[in-house]
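Trainee: Here it is, the structure, as C-alpha cells.
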Amino acid sequence: MKKSIFYLSAFLLVIACQKNNSTEKDLIKKADWLIGNWEYKTNWGTLSETWQKVNDSTFKAQSLFIKDKDTIHHENIILQQNGEKLSYTTTIKGQNNNKPIRFELNKEMEDKLLFENLKNNYPQKISYKKDSNGIITEISGVQSGKTTTEKYRLVKTK
C-alpha cells in the first residue's frame with residue numbers, strides 16, 4: 001500500500017511539473033505576432049522595429065528612427081518571461097545614462113500587450129496592439145505636467 005501511495009504521489013508530481021513547464025512560457029507565446037520587421041514612414045523619417053525570438057522565454061528588438069541618413073533614435077528592447085511575469089526592458093541610446101528601464105505587463109489580451117512603469121519619468125505606459133493592418137504601438141504618460149500619448153502604426157515588411 002505504501003508503495004502504491006509513493007508511486008501515485010510521484011506520478012502526480014511529474015504531471016504537475018510537466019503542466020507547469022508547459023504553461024510557464026504561455027505569456028510570451030501570446031506575443032509571437034511581434035516577431036518580424038515593422039516600419040512606420042512619415043515625412044520626418046522612418047521608424048522601424050525588428051523583433052526576433054531569442055529562445056522560449058525571450059524576444060529582443062531593435063527600434064530605430066532614421067531621418068535621411070541620421071539615426072535620431074536607437075533603442076534595444078528585451079521582452080522576457082520569468083515565471084508568470086512578462087517584462088519589457090528598454091535601453092535607449094543617450095537616455096537614462098544608457099541604463100535599461102523595465103516595464104511590467106499590466107494587461108494582456110489576445111491582440112494587445114500593455115506594459116507599465118508608473119515610476120518612470122516618461123513614458124509610464126507602452127502598449128502594442130495587433131490589428132488587420134499591422135501593429136499600433138502607443139507610449140503614454142505624464143510629461144512636463146501634461147498627459148501625452150504618441151501612437152505609431154507599423155506595417156510588416158517581412
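Trainee: Quickly run through region 69-104 and pick out the residues that are of a type in the set (S, T, N, Q), exposed (fewer than 14 other Cβ atoms within 10 Å of the Cβ) and in a strand (DSSP E or B).
Mentor: Selection gives 71, 82.
Trainee: Still on this structure, I have one more. Scan region 24-51 and report the pairs whose first residue is farther than 28 Å from residue 72 by Cα and whose second residue is surrounded by 13 or more Cβ atoms within 10 Å (Cβ to Cβ) and among the aromatic types (Phe, Trp, Tyr), with Cβ atoms within less than 7 Å and a gap of 6+ or a chain change.
Mentor: 28/59
Trainee: Of all residues in region 120-158 being among the hydrophobic types (A, V, I, L, M, F, W, C) and more than 20 Å from residue 106 (Cα to Cα), which is farthest from the chain's Cα centre (by Cα)?
Mentor: 155
Trainee: Has region 56-63 got any residue that is under 12 Å from the mean Cα position of the chain (by Cα), hydroxyl-bearing (Ser, Thr, Tyr) and part of a loop (DSSP other than H, G, I, E, B)?
Mentor: Yes, region 56-63 contains a residue that is under 12 Å from the mean Cα position of the chain (by Cα), hydroxyl-bearing (Ser, Thr, Tyr) and part of a loop (DSSP other than H, G, I, E, B).
Where a number appears in this text, it was derived from the coordinates with a stated rule and is not lab data. Note that this is a predicted model, so its numbers are computed, not measured. Here Cβ is always computed from backbone atoms with ideal geometry, including for glycine, and neighbour counts include all displayed protein chains.
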